[in-house]
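Here's the structure, in structure tokens; my notes come after.
The values are calculated or read from the model by the stated rules, or taken from the named source; none is laboratory data. These numbers were taken from a predicted model, which means no experiment stands behind them. Methodologically, a virtual Cβ is constructed for each residue, glycine included, from the backbone with ideal geometry; neighbour enumeration extends over all protein chains shown. Note: areas computed on protein heavy atoms with side chains; ligands, DNA, RNA excluded. Shrake-Rupley method; radii C 1.70, N 1.55, O 1.52, S 1.80 Å.
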2 protein chains.
Amino acid sequence: MAQLQIGVVGGGVAGLSAAFRLAKHNHQVTVFDPDPANGASHAAAGMLAPASEANFSEIPLLRLMQHSNELWTDFAAEIEAVSGMPVGLRREGTIVIGFEPNDARDLERLSEFQRELGIEVIRLTRHQLKELEPETGGPFPYAAMIDSDVQLDNRKLMDSLLAALDSLGTRFVRQSVSAVNERGDGGYEIVLDDGAKVQPDAVLVAPGSYVGTISGLPKAVTRSIRPVKGQIIRVQASPELLRHVIRAKVYGKTLYMVPRSDGEIVIGATQEEVGFDTTAKVRPIAEMLSQAALLLPGIGEADFIEHMVRFRPGSFDNSPIVGRYEDSNLFLCLGHFRHGILLSAALSKYVAMAIETGKQPLEIEQFSATRLEAS
Amino acid sequence: MAQLQIGVVGGGVAGLSAAFRLAKHNHQVTVFDPDPANGASHAAAGMLAPASEANFSEIPLLRLMQHSNELWTDFAAEIEAVSGMPVGLRREGTIVIGFEPNDARDLERLSEFQRELGIEVIRLTRHQLKELEPETGGPFPYAAMIDSDVQLDNRKLMDSLLAALDSLGTRFVRQSVSAVNERGDGGYEIVLDDGAKVQPDAVLVAPGSYVGTISGLPKAVTRSIRPVKGQIIRVQASPELLRHVIRAKVYGKTLYMVPRSDGEIVIGATQEEVGFDTTAKVRPIAEMLSQAALLLPGIGEADFIEHMVRFRPGSFDNSPIVGRYEDSNLFLCLGHFRHGILLSAALSKYVAMAIETGKQPLEIEQFSATRLEAS
């Protein structure tokens, strides 16, 4: 295969995972990001949880998420083999809890839908839940296990990807990209903040929420993505406090708690606020903490480490936008929304194929940039 | 009056306010602190609230607090006149709220005790509370106004004190004091981390909770103080959200909210944990935020700025230890506990008098170091 020079705009999980696939195929990859691995990928919880997300997604996206979840086993091993650094993939499964009767009813309805899709959802008795997670409160009217929903440690993943890319000779340019401009010949070039221009064979645009800050890109591309605020809280507990990912409905709101191997727990919610307001609000922090304590009373004695706000790239139809833009040398890997970590095993694979072949792989036909014209 | 060389160990509100009084009397003052104005005084709420604290304190301490509250008007003006920087003294009074019937009963009992002490506590109707603070929730079973309990902005105060001392020529040595040692002649000298020795005419020891880290001091002094953890949360709201200090009982716990002129609100509680554990725990943060939202629902939309842990110097009998140590050149200004800002107007005045006259002023006879022998 011909060796290509590829410029990747954006050093989040979308850009770095694609860079890794391309660098492993011996292409010359350069990543442009003023602060790689410190955006939404840094604040993620790292859940690989297509089943739990089934209620939020259209069927084709759900199938892509399930497929990507399966790809993660090999992809994680590939990254770890190059970097020598673990990505913290854990396959304990996810425990789903409904806090009060209305939450239980919602989750029962969801589990019917999940079973129709072939997802195994195993109801847990009070005794079984206590066996799996002795520190949970309750009793809760609903508890279930979804074995297929697992997790990795997003921060370890990003560190591992950075190290792997380093050892593959990928170059990092720690500058903002001010523009991706069309040249006279129809090809696109990268313009850096300091005015320098770079003209790789292919430009992969994967800057997450920040695509709107890059000038020169087709309007249809930049207007397709909106930043959707997400906040997480990290606390430090003892490793015995929580062993499985818990995903709960508490008074109609979704809360998740993701344990790391060292006793850290990432607490998040699926609440959504559109816009680039970087402040953390009092209400969601208070709600997350008090809901977490309802599920896992011992978390009250955990140490509060940090709260963090980042921006998830939501597309106009909540599905990713991936592949070649028209017949140009511009490729897109955008709109991963709340599924950036999960989707990257698959999207990195297929966007790399698109760059190498110039064609949209069948697996991501549904998510191509051609639908932007119609938007 | 003879000009003295005075070494002040500790750059919190206790040390700096005494340094200010002494420097204004033309003594040569040097303050020793690796990081002045960044301990408990930085995390304080700045309430000058002797009446609200009446339930926690013995009568003599309460009288000292009331006296110091009165002194603050002139003392604030004096500091501001030298520094040209406001200390943010606000005299709107404090609103006391009882959240549920048991809280109301507790506060009614407290108000009887306060009235016996001559403190005016004015009950507020629902309508009056809403006039004063339109954004409060409720209705609450108890609301009252205590005009005499006011506030200043502790961070502005510390900045103003630093600037005032600077313009008075006070020297700052930004190093830790490793020891305050007795010399052969019975006098005490200051030993810095780098080994340098300083031998002023008088040594004023005012390092707050950290007195236990200084060697050489009499054991009776160092063992008299324990660090008592306090945490506060700062949020940013619009200035209309809150106008008065609110001090509330919510399900038996005391919560306070102190508005600053720019819309910042300091939220704190009177919970106490002994020891130098610098981590913030999940439960008190969650409780403070959710209780604050019960009293002032709009605070949910405020921005979360920071949470902070510092250590209040609690003495063995919860009263300050102030004055000359035996017949030496060692003077103490210790154990301000939860009242450091409030007490400093009085204690700085009387400890300065003690240094200048060598005698314990009558006003602080009760708080002298002689009671250490008996402890």
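Structure notes:
- Most to least packed among A:125-131, A:325-331 [average Cβ atoms within 10 Å]: A:325-331, A:125-131
- Other-chain or far-sequence residues with amide H under 5 Å of A:Ala269's (modelled H): A:Gln231, A:Tyr256
- Among the GluC sites (Glu not before Pro) found in region A:233-294, those both in a DSSP coil and sparsely packed, with 12 or fewer other Cβ atoms within 10 Å of their Cβ, are A:Glu240, A:Glu272.
- Peptide A:283-292 shows a mean partner chain C-beta count of 6 within 10 Å per residue C-beta.
- Summary value for chain A: 23 percent relative contact order, contacts being C-alpha pairs under 8 angstrom separated by 6+ residues.
- Only Lys, Arg (+1) and Asp, Glu (-1) charged, at Cβ; chain B dipole about Cα centre in debye: 340 debye
- Anisotropy class of the protein assembly as shown from Cα gyration tensor, a/c 1.5 cut: prolate
- Carbon/sulfur fraction of accessible area - region B:65-161, other protein chains in place, 1.4 Å, %: 51 percent
- For region B:176-270, the set of trypsin sites (Lys or Arg not before Pro) satisfying both a DSSP loop assignment and a count of at most 14 other C-beta atoms within 10 Å is given as B:Arg183, B:Arg223.
- Contact order for region B:144-244, expressed relative to its length and based on alpha carbon pairs under 8 Å spaced 6+ residues apart, stands at 18 percent.
- Per-residue average of Cβ from other chains inside 10 Å of B:303-314: 2
- Cleavage-rule hits, chymotrypsin sites (Phe, Trp or Tyr not before Pro), region A:216-318, DSSP coil, Cβ neighbours within 10 Å at most 15: A:Tyr251, A:Phe276, A:Phe316
- DSSP bridge orientation in the protein assembly as shown - percent antiparallel, rounded to nearest 5: 70 percent
- Among A:Leu332, A:Leu347, A:Leu110, the largest mean-square fluctuation in a Gaussian network model of chain A (Cα springs under 10 Å) belongs to A:Leu110.
- Backbone HN-Hα couplings from phi across region A:136-141 [Karplus 6.51/-1.76/1.60, Hz, Gly and Pro as x]: 5, x, x, x, 10, x
- Amide H contacts under 5 Å for B:Ala179, placed H, 5+ residues apart: B:Val191, B:Ser215
- The packing ranking, built from the mean of other Cβ atoms within 10 Å per residue, places the peptides A:116-123, B:148-155 in the order B:148-155, A:116-123, highest first.
- For A:Gly252, inter-copy separations between label points set 7 Å beyond Cα along the Cβ vector come to 3.2 nm, shortest first.
- Copy-to-copy label separations for B:Asp194, where each label sits 7 Å from Cα toward Cβ, in nm and ascending: 3.8
- Sorted from nearest, the other copies put their A:His25 label points 8.2 nm away, the label point being 7 Å from Cα in the direction of Cβ.
- Accessible area in the full protein assembly, largest first, 1.4 Å probe, for A:Lys359, A:Lys349: A:Lys359, A:Lys349
- Centre separation in Å (Cα based) which lies between region B:1-43 and region B:202-233: 16 Å
- To the nearest 10, the accessible area of A:Glu306 is 50 Å² with a 1.4 Å probe.
- Here the Karplus curve 6.51 cos²θ - 1.76 cosθ + 1.60, taken at θ = phi - 60°, turns the phi angles of region B:229-241 into couplings of 4, x, 10, 10, 10, 10, 10, 10, 10, 7, x, 6, 5 Hz, with x standing for Gly and Pro.
- Net charge of Cβ neighbours under 14 Å - reference B:Pro86; Lys, Arg +1; Asp, Glu -1: 0
- GNM top mover of B:Ile285, B:Ile267, B:Ile97 - chain B, alpha-carbon springs below 10 Å: B:Ile285
- Signed unit charges on C-beta, dipole axis of the protein assembly as shown, positive-most listed residue A:Ala19, A:Tyr210, B:Leu255: B:Leu255
- Value of [θ]222 nm, deg cm²/dmol, for chain B, DSSP H segments ≥ 4, -39500 (n - 2.57) each, nearest 500: -9500 deg cm²/dmol
- Solvent-accessible area, 1.4 Å probe, carbon plus sulfur percent, for region A:1-57: 45 percent
- Region A:264-337 versus region A:87-145: alpha-carbon centroid distance in Å: 22 Å
- Gyration tensor (alpha-carbon) shape descriptor, chain A, a/c threshold 1.5: prolate
- Whether region A:1-59 is rounded, prolate or oblate, judged on the alpha carbon gyration tensor where a/c under 1.5 counts as rounded: oblate
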